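Report on the structure given below.
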Amino acid sequence: MRPPSPSALQPIPRRTFLGTLLSGALLQTAHAEIPQPGGHAAQAFHLDPDWPKLSPDVYPERCQMAGVAIAKNGCILALNRGENPWDPRKGFRKTRIQKPAVLVIDPGSGELQSAWGKDSFIMPHQISVAPSGNVWITDVGLSSVFEFDPLGKPIRELTRASLGFNMPTDIAFLRDGSLLISDGYGNTRVVLLDPAGKLLASWGSRGSAPLQFRTPHSIAVDPEDRIYVADRENHRIQVLDHTGKVEALWTHVERPLTVRFAAGSLFVLSNLDAPNAIVRRLSPRGELQESFHTLPEGSSDDFQWPHGMAVSSDGNSVYVGFTLTSRRIQRYVRRG
């Protein structure tokens, strides 16, 4: 889902490794086409129809669910766009969202526990929880990245003015506390910041070569500090080391929207097509382990355009947030 192009912005100088990347032969070895699962026969997960329980009295209007995360206490954090949906034809309004942007949902009962984030965002995009438990949110409307404490109290804002962001999309964390931001629709790069928010490096440019991006839409990190970037319009995952060097290109993942590392695997949400998107579980070498479609088999219900995803630490529950017409959050659980 691509918002309208922003006005031109002079980016901060980019550091690139294009001149020192792997040789052509090594890149060819690192290039991997992800196998395509067939139909619904390969479904590894099924929809939990009883979760969540957001009744009309506590949640009167469905909102676009742009992102999902799991708090340190296990609660599910659903990032929504309130009364300010993104419309592919009209774009989005430039006013702050008045409704709470973060719904805190009990992982067992599915009931709403609390909500926060009023008057904080214009077009929230993704939500992540740092190892500290603090909550981070990117906003493509404000071109900012926000940090909150676990209860939703604002801590700091990293801005376009200070760091040159141009519609940043997602955030992840290295073991030393450094921040990785996919920056995103306008700048098509990955930004590395130290824990205090100081710029350390900027990798990438627009294009289709290694370390070039066409909408870096999401980012994840594994326990070894390998970096996975959802290079959406290039239909691939770029795998980098912690210095920004390309290690692998995983292709044929049909516009990857969100990447999350859990239970030793990379989970990739892609909109195979808008109603019938797919979640794949890949090994750290890019091997397909299992998959499932977000549209349940035989369902005629509306599951239009999934966008955000979170995965439980054991890999047995996957939470997906839907935008456009569907405007819901759903849980998928492992069969058996």
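Descriptive notes on the structure:
- Residue in the range 28-46 that is over 21 Å from VAL253 (Cβ atoms), in contact with a strand residue (DSSP E or B) (Cβ under 9 Å, 6 or more places away or on another chain) and modelled with pLDDT of 50 or more present: yes
- No other residue among LEU174, LEU151, LEU158 is in contact (Cβ under 8 Å) with a residue 60 or more places away in the chain, open to solvent by 10 Å² or more (accessible area, probe 1.4 Å) and of a type outside the set (Ser, Thr, Tyr) apart from LEU174.
- Tabulated pairs, the range 320-336, first over 16 Å from ILE70 (Cβ atoms), second open to solvent by 30 Å² or more (accessible area, probe 1.4 Å) and of a type in the set (A, V, I, L, M, F, W, C), C-beta under 9 angstrom, 6+ apart or interchain: PHE322/TRP305; THR323/TRP305; LEU324/TRP305; THR325/TRP305; SER326/TRP305; ARG328/LEU54
- Test: LEU272 is open to solvent by 30 Å² or more (accessible area, probe 1.4 Å) and touching a Phe, Trp or Tyr at 6+ places or on another chain (Cβ under 8 Å): no
- Residues in the range 73-132 that are part of a loop (DSSP other than H, G, I, E, B), in contact with a Lys or Arg (Cβ under 8 Å, 6 or more places away or on another chain), under 23 Å from LEU158 (Cβ atoms) and open to solvent by less than 10 Å² (accessible area, probe 1.4 Å): GLY82, ASN84, ILE97, ALA101, PHE121, MET123.
- Tally, over the range 205-221, of residues that are out of contact with any Asp or Glu (no Cβ under 9 Å at 6 or more places or on another chain) and open to solvent by less than 10 Å² (accessible area, probe 1.4 Å): 1
- Residue match in the range 59-70 (condition: open to solvent by 40 Å² or more (accessible area, probe 1.4 Å) and at pLDDT 95 or above): yes
- The residue that is surrounded by the most Cβ atoms within 10 Å (Cβ to Cβ), counting only those in the range 301-325 that are farther than 18 Å from MET123 by Cα and among the hydroxyl-bearing types (Ser, Thr, Tyr), is TYR319.
- Of all residues in the range 133-143, those satisfying the criterion of being part of a loop (DSSP other than H, G, I, E, B), closer than 23 Å to ILE70 by Cβ and either modelled with pLDDT under 95 or not polar (S, T, N, Q) (or both) are GLY133, VAL140.
- Among the residues of the range 282-297, those that are in a strand (DSSP E or B), out of contact with any Pro (no Cβ under 7 Å at 6 or more places or on another chain) and open to solvent by 20 Å² or more (accessible area, probe 1.4 Å) comprise GLN289, GLU290.
- Residue selected from the range 236-247 under the condition within 16 Å of the chain's Cα centre (by Cα) and either aliphatic (A, V, I, L, M) or open to solvent by 10 Å² or more (accessible area, probe 1.4 Å) (or both), by the criterion farthest from ILE181 (Cα to Cα): ARG236
Residue by residue, here is whether (1) surrounded by fewer than 24 Cβ atoms within 10 Å (Cβ to Cβ); (2) modelled with pLDDT under 95; (3) part of a strand (DSSP E or B); (4) more than 17 Å from the chain's Cα centre (by Cα) holds:
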position: LEU249; (1), (2), (3), (4): yes, no, yes, yes
position: PHE261; (1), (2), (3), (4): yes, no, yes, no
position: ARG280; (1), (2), (3), (4): no, no, yes, no
position: SER299; (1), (2), (3), (4): yes, yes, no, yes
position: ARG327; (1), (2), (3), (4): yes, yes, no, no
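- Criterion: basic (Lys, Arg), open to solvent by 10 Å² or more (accessible area, probe 1.4 Å), without any contact (Cβ under 8 Å) to a residue 40 or more places away in the chain and under 26 Å from PHE45 (Cβ atoms) - qualifying residue of ARG255, ARG232: ARG255
The values are calculated or read from the model by the stated rules, or taken from the named source; none is laboratory data. What you see is a predicted model, and the numbers here were worked out from it, not measured in a lab. Backbone-built Cβ (ideal geometry, glycine too); neighbour counts: all protein chains shown. All accessible areas refer to the heavy atoms of the entire protein, side chains included, with ligands and DNA or RNA removed. Shrake-Rupley method; radii C 1.70, N 1.55, O 1.52, S 1.80 Å.
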